[in-house]
Structures are given as structure tokens and as C-alpha cells.
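Colleague: I'd like to ask some things about the structure below.
The values are calculated or read from the model by the stated rules, or taken from the named source; none is laboratory data. These numbers come from a predicted model, not from an experiment. Quick reminder, even Gly has a Cβ in these numbers, built from the backbone with ideal geometry, and neighbours come from all protein chains shown.
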Amino acid sequence: MSNETTLTVVEKKRKSLPIIIDQKRNAYLWESNRELKLKYMLSVEKIKRFFEGLAENKLLATKCEKCNELYFPPQSFCSKCLSNNMKWVELSKEGEIVTFTKIYVKPTSFSHYADYTIGIIRLKEGINVLAWISEKNVNKLKVGMKGRIEIVNREPENYLTYEIIPIEN
């Protein structure tokens, strides 16, 4: 059976097969509808102070001692000047909510949570922080309203993280 004949047969049955065509190479690809669950571990040795800070109720960032660029989440080297001479600084945790959205369709790893709201708060230091927002009713939220970051214990995973607490004017 030639490739042309094989392709024609597969083409005819493609609606009942999990086959798609790669448009760039005109090649057949198997498309699985099964979930792939991954568990991974990443080294955070160079930024472990950030996690220690959470345990101390502190929100920490790194600042380049060469060019003064501030990083949150913290990183061990400066993307601007490529220096690895970084120092730890504590952030104020206070700022203004610049945007938010309610999440109804969640990634699989968050599917066990009820619908939640995420947002970005611009802290006094000029850093934008993406985090969950504690307020469940989005009608009570407004762009430009004051907010603060609070260190919280996220259940059911039982780990420390941070979230945005809106402050009503």
C-alpha cells in the first residue's frame, strides 16, 4: 500500500481517530485526550531567603547592588546588568490594585478550589505582584483601590503563600 493510499484511508477515518495533521510538516500526530499529571521539584537554594521570609511574615525581593534594579519574585542575578551581586530587601506590602479577574475555568491543578479571583497590586516600591485576592465578591473590587499583601497558609496544600487583601476606602 502506498503512502498516498494510506493517507487517504487515514484521512477518511480521521474523524474517529485521535489524529491531527501538523500543518508545517504535513505529518500525522497522535493527539491524546488523557491528562498528564506531573510532579516536579525545582531548586530554590539561591532564593531560599524568600521562603524563610514568608515564614517570618515578610515579603522579600532582591535588589541589584550594581544597578539598583528591584526583582519580585526574587532572582539570584540581575537581568538588566547580569550582576549576581544581589541583596535582600523587605517590601512594604501596601499598594494599589491595578487589575483583577475572576477565574471560573481553572487549570487541572487548581480544579479542587472554588472559583477564585486573582489580581495585580502595585506596591509602594513600584513592584507589581500577582496574587489571589481574598475578596470573593468581585463587585466589591475596583481598579485603583488600596490593598495590602498578607502572608497566608493555603489549604489543603498547607503551604505559605501571599494574597491581596483589598482595603475599602
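Colleague: Looking at segment 90-122, which of its residues are more than 15 Å from Ile133 (Cα to Cα) and either surrounded by 14 or more Cβ atoms within 10 Å (Cβ to Cβ) or touching a residue at least 12 places away in the same chain (Cβ under 8 Å) (or both)?
Modeller: Once the filter is applied, which keeps residues that are more than 15 Å from Ile133 (Cα to Cα) and either surrounded by 14 or more Cβ atoms within 10 Å (Cβ to Cβ) or touching a residue at least 12 places away in the same chain (Cβ under 8 Å) (or both), segment 90-122 yields Glu90, Leu91, Ser92, Thr108, His112.
Colleague: What residue, among those in segment 97-129 that are assigned to a strand (DSSP E or B) and either among the basic types (Lys, Arg) or in the same structural domain as Asn57 (by TED's automatic domain parsing) (or both), is nearest to the chain's Cα centre (by Cα)?
Modeller: Selected residue: Lys102.
Colleague: Could we say that Leu70 is in contact with a Pro (Cβ under 9 Å, 6 or more places away or on another chain), at pLDDT 95 or above, closer than 28 Å to Ile120 by Cβ and surrounded by 14 or more Cβ atoms within 10 Å (Cβ to Cβ) here?
Modeller: So Leu70 does not fit the description; no.
Colleague: Right, here's the next one. Would a scan of segment 78-86 turn up a residue that is out of contact with any Asp or Glu (no Cβ under 8 Å at 6 or more places or on another chain), within 30 Å of Lys63 (Cβ to Cβ) and in contact (Cβ under 8 Å) with a residue 12 or more places away in the chain? If you could, list the steps in order and put the result at the bottom.
Modeller: Filtering segment 78-86 down to residues out of contact with any Asp or Glu (no Cβ under 8 Å at 6 or more places or on another chain) leaves 82, 84.
Those still in the list that are within 30 Å of Lys63 (Cβ to Cβ) too: 82, 84.
Subsequent filtering for residues that are in contact (Cβ under 8 Å) with a residue 12 or more places away in the chain retains none.
No, there is no match, as no residue in segment 78-86 is out of contact with any Asp or Glu (no Cβ under 8 Å at 6 or more places or on another chain), within 30 Å of Lys63 (Cβ to Cβ) and in contact (Cβ under 8 Å) with a residue 12 or more places away in the chain.
Colleague: For segment 144-169, name all the residues that are assigned to a loop (DSSP other than H, G, I, E, B) and either surrounded by 11 or more Cβ atoms within 10 Å (Cβ to Cβ) or of a type in the set (Phe, Trp, Tyr) (or both).
Modeller: Within segment 144-169, Met145 is the sole residue that qualifies.
Colleague: Which members of segment 112-142 meet the condition of being farther than 30 Å from Glu69 by Cβ and among the aromatic types (Phe, Trp, Tyr)?
Modeller: Tyr113, Tyr116
Colleague: Mind counting the residues in segment 130-158 that are closer than 19 Å to Lys102 by Cα and in contact (Cβ under 8 Å) with a residue 60 or more places away in the chain?
Modeller: 1
Colleague: Please pick out the residue among Ser79, Ser43 that is in a loop (DSSP other than H, G, I, E, B) and at pLDDT 95 or above.
Modeller: Details: Ser43 fails: at pLDDT 95 or above.
Exactly one of Ser79, Ser43 is in a loop (DSSP other than H, G, I, E, B) and at pLDDT 95 or above, namely Ser79.
Colleague: Let me ask something additional. Would you say Lys87 is at pLDDT 95 or above, under 18 Å from Ala131 (Cα atoms) and basic (Lys, Arg)?
Modeller: In short, no.
Colleague: For segment 131-140, check the following and say yes or no: at least one residue is under 26 Å from Tyr40 (Cβ atoms) and either at pLDDT 95 or above or of a type in the set (Phe, Trp, Tyr) (or both).
Modeller: yes
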